[in-house]
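Novice: This is the structure I have questions about; it appears just below.
The values are calculated or read from the model by the stated rules, or taken from the named source; none is laboratory data. Note that the structure is predicted; figures quoted are calculated from it, not measured. Please note: Cβ atoms are built from the backbone with ideal geometry, for glycine as well, and neighbour counts cover all protein chains shown. When the accessible area is computed, the model is the full protein with side chains, heavy atoms only, and any ligands, DNA or RNA have been set aside. Shrake-Rupley method; radii C 1.70, N 1.55, O 1.52, S 1.80 Å.
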Amino acid sequence: MRKALTLAAGMAAAFSLSLAVAPGAQASSKDDANLHSMEVCEPASTSKFKLHLYFNSGQNGSYRNIGYSVFDLDRVRPGGSDPGAYPLRYCKFGVSNPWPGSGQKIKNNAASGENDHRRYMARIYFNSGYKGAQDAMGPGQSNGSFRHVYNNNASFKWTSR
């Protein structure tokens, strides 16, 4: 009986510990989703990810759908790893005739965008870490040619206004 109680107490402690570290795991799951979700290359009109960045002006060329804020578009860390940081890239379209920007890094290569979110502003920043000049798109807005971060973008953040 005493062994069973000790085992149960140990399992409860382990469960409590796993709950205590869950918020850190959630943060990296957002990077995982931004890198690996099937939503990233779905058509913008059907993707559950609501920010759409385009390689060319006027929402043309290759695009990438992004669902969660990105601190550094060149160093997304799936699983929270540092040595395993990867750049976000535009989706590859057009096998024999690739779309402009197919497979290119998004950092310093975004010319336009769309925000399909109903509640949040999408802010595209010049520097990593949500710093520097920015272009903002309100809910349901698009920007055919970024004014402040045209091909000089490094991070993205959802904000309430």
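Novice: Of a type in the set (S, T, N, Q) and within 17 Å of the chain's Cα centre (by Cα) - does that describe any residue in the range 87-96?
Specialist: No: the range 87-96 contains no residue that is of a type in the set (S, T, N, Q) and within 17 Å of the chain's Cα centre (by Cα).
Novice: Within the range 86-95, track down each residue that is in a loop (DSSP other than H, G, I, E, B) and open to solvent by 20 Å² or more (accessible area, probe 1.4 Å).
Specialist: Pro87, Lys92, Phe93, Gly94, Val95
Novice: Among what's in the range 108-127 and is within 14 Å of Tyr54 (Cβ to Cβ) and charged (D, E, K, R), pick the residue that is surrounded by the fewest Cβ atoms within 10 Å (Cβ to Cβ).
Specialist: Top of the filtered list is Asp116.
Novice: Report the residue count in the range 25-55 for those that are of a type in the set (Gly, Ala, Ser) and at pLDDT 90 or above.
Specialist: Residues meeting the conditions: 5.
One line per residue, one yes/no per condition, for (1) acidic (Asp, Glu); (2) open to solvent by 50 Å² or more (accessible area, probe 1.4 Å); (3) part of a loop (DSSP other than H, G, I, E, B); (4) at pLDDT 95 or above:
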residue	(1), (2), (3), (4)
Leu73	no, no, yes, yes
Pro83	no, yes, yes, no
Asn97	no, yes, yes, no
Gly129	no, no, yes, yes
Asp135	yes, no, no, yes
Gly140	no, yes, yes, yes
Phe146	no, no, yes, yes
Trp158	no, no, no, yes
Arg161	no, yes, yes, no
